[in-house]
Amino acid sequence: MSRALELAGLGWGQTKPNPMVGAVVVAGGEIVGEGHHEKAGEPHAEIAALRKAGEKARGATLYVTLEPCNHQGRTPPCTNAIIAAGITRVVASTGDPNPAAGGGAKKLRENNIIVDFGILEHEARELNAAFLASFSLARPWVTLKLAVSLDGAISDAERTRGWLTGPLARAEVQRLRAVNDAVAVGIATAIADDPLLTARIEPPPAVQPTRVVFDRHARLSSQSVLARTAREIPTIVVTTRTARLPADLANAGVEALPVDDLDDALVKLKARGIISLLVEGGAGLAASFLAAGSVDRLIIFQAPIVLGAGSLGAFSGIASHDLAHARRFHAIRTRKFGDDVMTVYSPLAS
């Protein structure tokens, strides 16, 4: 299953709106076929693995990171291929909550195939967290990413533009963008940094993430990089209901999304097919998402630098809490990128 998860990761940024899935066929204690879902509309991981296994699949065990589908979509049901191949046991990390694709395990068992669940389930669910949550959440799955100094600042006292982290950490941020449906920043960050907010990786993602700017009064410049590329990559400005998008922004292809509040914005973004949202800052936007309890994963990139007095704290916009009532997070994993340290946190249930 560890190998199946490794294979699933090869689909990073390529499979949207489908999940990343890997599969391994084992016969006689040896891997005889393996595969992963490469792109939406192309064969699922199970099919790729079974094709490589050929006749060796008869009587074998199939390890797969997600319950095999049991519906006709852009490709035929995987359950049919598994039954036809003569697989006798299927081990899946986790079930598929998609009501359209579900029932795979039931059909396999009806055809006398043993089905087990739960091997490396946490890892499999984390890999496709946004997809799995999309069937129960009314809003997108939100990942808040912040780059901070050792003393928790995101900018120095002079608000100098520049990178806190090194190139390896910044490359990982590009990967995070590639796997999300949308990337969001606040208007202050959009004005200060004039970012492009695309995922610049190789191979490029199958679909570039939609760019979202939380901009109450529609102040985004029509000369910004975001506006100038809005006809190439969807760009949404989230405003108040009373704000009016300037004609030059509308003519550039920027779309306005009038909302009542953050919750309303997230529900409307989900309705547009955005099931995963990467929030990149700044401090004000981060504070709003945290205060609303709308952060599912918090990713901190900590750089080995101290910015000192007057610097802008990453969490300075959050209302103070006493120790007993402060929100706590659970560290899921930590990884080094050069001298920078990335830690992924999950909020603990209150």
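Numerical summary
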item	result
For the chain, calculated [θ]222 nm from helices alone, where every DSSP H run of n ≥ 4 adds -39500 (n - 2.57)	-7000 deg cm²/dmol
Sum of side-chain charges, K39 neighbourhood, beta-carbon under 14 Å (Lys, Arg +1; Asp, Glu -1)	0
Alpha-carbon Debye profile of region 105-199, log10 I(q)/I(0) at 0.22 Å⁻¹	-1.28
Vicinal HN-Hα couplings computed from phi for region 136-148 (Karplus, 6.51 cos²θ - 1.76 cosθ + 1.60; Hz; Gly/Pro x)	10, 8, 7, 10, x, 6, 10, 10, 9, 10, 9, 9, 10
Solution diffusion estimate, µm²/s, Stokes-Einstein, region 276-350, Kirkwood Rh from C-alpha pairs, 20 °C, viscosity 1.002 mPa s	154
Most to least accessible of F289, F214, F329 (protein chains only, probe 1.4 Å)	F329, F214, F289
Global form of region 139-242, assessed from the alpha-carbon gyration tensor, a/c cut-off 1.5	oblate
Cα gyration tensor shape for region 51-102, rounded if a/c is under 1.5, else prolate or oblate	oblate
For region 1-57: rounded, prolate or oblate by the Cα gyration tensor [a/c cutoff 1.5]	oblate
From the C-alpha gyration tensor of region 236-329, square roots of 5λ in Å	30, 17, 14
Equivalent ellipsoid dimensions for the chain as semi-axes, Å, which come from the Cα gyration tensor, largest first	40, 23, 18
Rg over Rh [alpha-carbon atoms, Kirkwood Rh] for region 101-160	1.31
Accessible-area composition of the chain, carbon plus sulfur, in percent [1.4 Å probe]	53
Highest average packing first - 84-93, 182-191, Cβ atoms within 10 Å	182-191, 84-93
Kirkwood Rh (inverse of mean 1/r, distinct Cα pairs), region 57-143, angstrom	13.6
Per residue accessible area of region 1-99, 1.4 Å probe, in Å²	41
Reciprocal of mean inverse Cα separation for region 6-92 (Kirkwood radius, Å)	12.5
Range of Cα positions in region 83-128 per principal axis (Å), largest first	30, 23, 14
Accessible area (Å², per residue) of region 131-208, counting only protein heavy atoms and a probe of 1.4 Å	45
Antiparallel content of DSSP bridges confined to the chain, in %, to 5	40
Fraction of antiparallel bridges per DSSP, region 134-259 only, in percent to nearest 5	0
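The values are calculated or read from the model by the stated rules, or taken from the named source; none is laboratory data. This is a predicted model, so every value here is computed, not measured. No Cβ is skipped: glycine too gets one built from the backbone with ideal geometry, and neighbour counts run over all protein chains shown. Only protein heavy atoms, including side chains, enter the accessible area calculation; ligands, DNA and RNA are left aside. Shrake-Rupley method; radii C 1.70, N 1.55, O 1.52, S 1.80 Å.
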